[in-house]
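The values are calculated or read from the model by the stated rules, or taken from the named source; none is laboratory data. What you are looking at is a predicted structure, and each value in this text was computed from that prediction instead of being measured. Virtual Cβ from ideal backbone geometry, glycine too; neighbours counted across all protein chains shown.
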Amino acid sequence: MSFPMVNFDRFLFAFTVGSHILLVSLSIGLGILISAVEFLAARSSDKYYRGLARRLVRPFVVSFGIGTASGIVMAVELVNLFPGFMTLVSETGVIAIFYVEIFAFFLETIFVVVYVYYGKTFTGRYTRWLLTVPIVAGTLLSAVLIVMVNSWMNTPNGFNIGAYLSTGQVTGVNPWAPFFTTSTGYEVFHVLSAVPLTGLMFIGGYFSYRYFRAKGTDERELFLRGLRITAAASFFFVLIAVLSGILEIEGLYTYQPLKYAAIELNPNPGTNLAITLFGSVSGLSIVGGIQIPGLQGMITHHAELPGLSQFPSADWPPLIIHDTFDVMVIGGAILGLFLLVYVGLWIAHRRPYDRPLFAYGMGAFSVLTAIIMEFGWATDEIGRQPWVVYNVMTVNHAANYSTGLLVPGILIVAFYLFLVPFTFYFMVRVFNGQALEVDLEGPAAGSDVNY
């Protein structure tokens, strides 16, 4: 029964994190958008920007509350599902990252309360915008710190690894080293583009739909302003995501060559290797798929590229990561092309938002962006298997084998299947919960909240 429970532990935590990422990306996207809208409102005194800020803060509070609760679920699962991993974390400097994560949460929480409940007491022109800056900083810092932990799992440091592998004792601890591992820069750079992109595309898709279906002038002007910001920001973040993704793949060559070989589906090492789209490996030969000769050698400066045959087959990650990687890359390329055309038409004053193809296309691509992000996360995490800490601790050694976690785990999965779509639905309801005219005019005298 122990082996199936390890697989269940993997599945449960993966499902929880995958659900949590969707909620967090929307929260980060809303935070960035609110800050941008508040700045534009302060600079221009435009009533539509001000009204849009009042509308956005309500779903942001919902996402903040539910995202916080979801984060607690993840923390509990780490302790319960992978006690061996958490023991290692507590004995090394990685535990310091979790403490800084608490500071980031405090920063975000304090300024959310001030902004929502007491923002109207500040009369300075840019004061309300300034209140949003620590909120955005807190949400992004939380994401960065979690990625730092993940980077340490991919490229562990900060203690005597050789002594730990031979004796099981943690010695030579450097509490600051886990903040800056070999892979930290690559991973943080990529996440700081991919996660905001997903959240902003979610919002932009909704704005596009609402603008295209709007009936009154006020409604059209409100959603047009929101769409202008989300489309431009999404195009910026997709460019950064492409650049950071290339750098991260380059980094894999150095710090996780086996994952590189599995992602690129290289059975054997070599030079000027082909890019294989989909396909599989039988023995040490590629079966099926589409091959583009020499392309892998053209996009990397490394002469000799790693292959699976250089590593013991027992250490190979599931080769499905090649397919998840291809979906991510192809989907990202299509998304980037769509946003390039969309923004290009906008710059040329061709009004893409008035065309059904682009109006509904923005909504469709918002879903595609979420799929791309989930597949990218799956590629990274599955690609580290069978290790939970690369070359240090396997998942089998970290996991909890108790079958008592089976029923609670199934209930958590069922709860998330309800929670995620309900959260999106409820956020739309609270966004539209007040008449547009009221939001354009501002909060009534004596109101308990800023908006």
Kindly provide the set of residues from the stretch 133-162 that are on the phi < 0 side of the Ramachandran plot and in contact with a Gly (Cβ under 7 Å, 6 or more places away or on another chain), ordered by number. Ile135, Val136, Thr139, Phe159, Asn160
What about Ser193, is it under 26 Å from Val238 (Cβ atoms), among the hydroxyl-bearing types (Ser, Thr, Tyr) and surrounded by fewer than 22 Cβ atoms within 10 Å (Cβ to Cβ)? yes
Can you name the helices (runs of 4 or more DSSP H) wholly within the stretch 1-116 that have at least 3 residues being among the β-branched types (Val, Ile, Thr) and either within 20 Å of Asn154 (Cα to Cα) or out of contact with any strand residue (DSSP E or B) (no Cβ under 7 Å at 6 or more places or on another chain) (or both)? 2-44, 47-81
So, Gly51, is that one under 30 Å from His397 (Cα atoms) and not hydroxyl-bearing (Ser, Thr, Tyr) or not? no
Return the residue satisfying two criteria in turn: it lies in the stretch 120-142 and is among the small types (Gly, Ala, Ser) and surrounded by fewer than 20 Cβ atoms within 10 Å (Cβ to Cβ), and of such residues it is nearest to Tyr186 (Cα to Cα). Ala137
Of the residues in the stretch 380-403, those that are within 13 Å of Pro4 (Cα to Cα) and part of a helix (DSSP H, G or I) number 3
Selected residue (only one of Ser234, Ser208, Ser193, Ser151 is over 21 Å from Pro59 (Cα atoms), assigned by TED's automatic domain parsing to the domain that holds Gly270, of a type in the set (S, T, N, Q) and part of a helix (DSSP H, G or I)): Ser193
Confirm whether Tyr353 is within 28 Å of Val57 (Cβ to Cβ), more than 19 Å from the chain's Cα centre (by Cα) and surrounded by fewer than 16 Cβ atoms within 10 Å (Cβ to Cβ). no
Pair list, Cβ under 9 Å, 6 or more apart: the stretch 101-119 residue surrounded by fewer than 16 Cβ atoms within 10 Å (Cβ to Cβ), other residue of a type outside the set (A, V, I, L, M) and not in a helix (DSSP H, G or I): Tyr117/Asp448; Tyr117/Asn450; Tyr118/Asn450
